[in-house]
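K.L.:
Starting off with a structure, shown below.
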């Protein structure tokens, strides 16, 4: 017979599955890229996964796309058919005003067309900590400096070598640009964000609903699904499930009144 602890765990896992069902993603999203960043043009210098160094001038900041179709039913953070995104694949281009069919994937699979298997679970966790602390809701207002700093920090996490510390001015991945009014502020803010991520522990807040829009040959994007609360029927199932566990615990207590707890041995 299943032990009560195992039954309780099963009920918790079932509850988690029910709660996340409304936010689960599958399928495709067809969208047109309306804007790529809103900050300064910077030069990103890095090393591709094949070992080739590169330097590319890119816009950084919050991007916007307009959804025009697809099979996925996720509601993304944004306004109407438009949604917000950050570039998450440093080795691919973003083509302004182009329409692409994106696959909705877990964040860990972002960059899978240029990084074997995607960025991986470890980097996905660091990105979730970055946004969980500094931008838990992509629809919330943010300044140009904040958006640009988040984009630089995200690129640093994705593309920096694991043997190097997070540093926006050195390492396998670093950033330079002609003098501008915002660049020094952006770099300082991005470094502050990265310093937090590099020391974040298991109690760090995680952004909810982060997903990757992936497409071969073009830029992948980080987006955020709108988390929908469980429906009333789901809550009823959870209440009944936990009530069942409590009932079994009470019956067990009544059936063994003389039971004692064995002493533990260290």
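Just so it is clear, none of the values below were taken in a lab; they were calculated from the coordinates. Treat the numbers as computed from the prediction; the structure is a model and nothing was measured. All Cβ positions, glycine included, derive from the backbone under ideal geometry; neighbour counts span all protein chains shown.
K.L.:
Please compute the length gained on full extension between residue 34 and residue 113, using 0.36 nm multiplied by the number of residues separating them and subtracting their Cα-Cα distance.
P.N.:
Contour length minus the Cα-Cα distance gives 26.2 nm.
K.L.:
Moving on. Take every Cα pair under 8 Å in segment 50-131 that's 6+ residues apart, average their separations, divide by the length, and report that relative contact order as a whole percent.
P.N.:
19 percent
K.L.:
Rank the residues 88, 226 as a footprinting-exposure proxy: fewest other Cβ atoms within 10 Å of their Cβ go first.
P.N.:
226, 88
K.L.:
Could you work out the per residue convex hull volume over the alpha carbons of segment 25-224, in cubic angstrom?
P.N.:
Given the Cα convex hull of segment 25-224, per-residue volume reads 108 Å³.
K.L.:
For labels at residue 139 and residue 68 in the simple 7 Å Cα→Cβ model, what's the distance in nm?
P.N.:
2.4 nm
K.L.:
Let me ask you something else. Residue 57 versus residue 75, label points 7 Å from Cα toward the beta carbon: distance in nm?
P.N.:
For the pair residue 57/residue 75, the computed spacing is 4.2 nm.
K.L.:
Additional query: In nm, to one decimal, how far is the residue 161 label point from the residue 188 one, both placed 7 Å along Cα→Cβ?
P.N.:
Using points 7 Å along Cα→Cβ, the separation is 3.0 nm.
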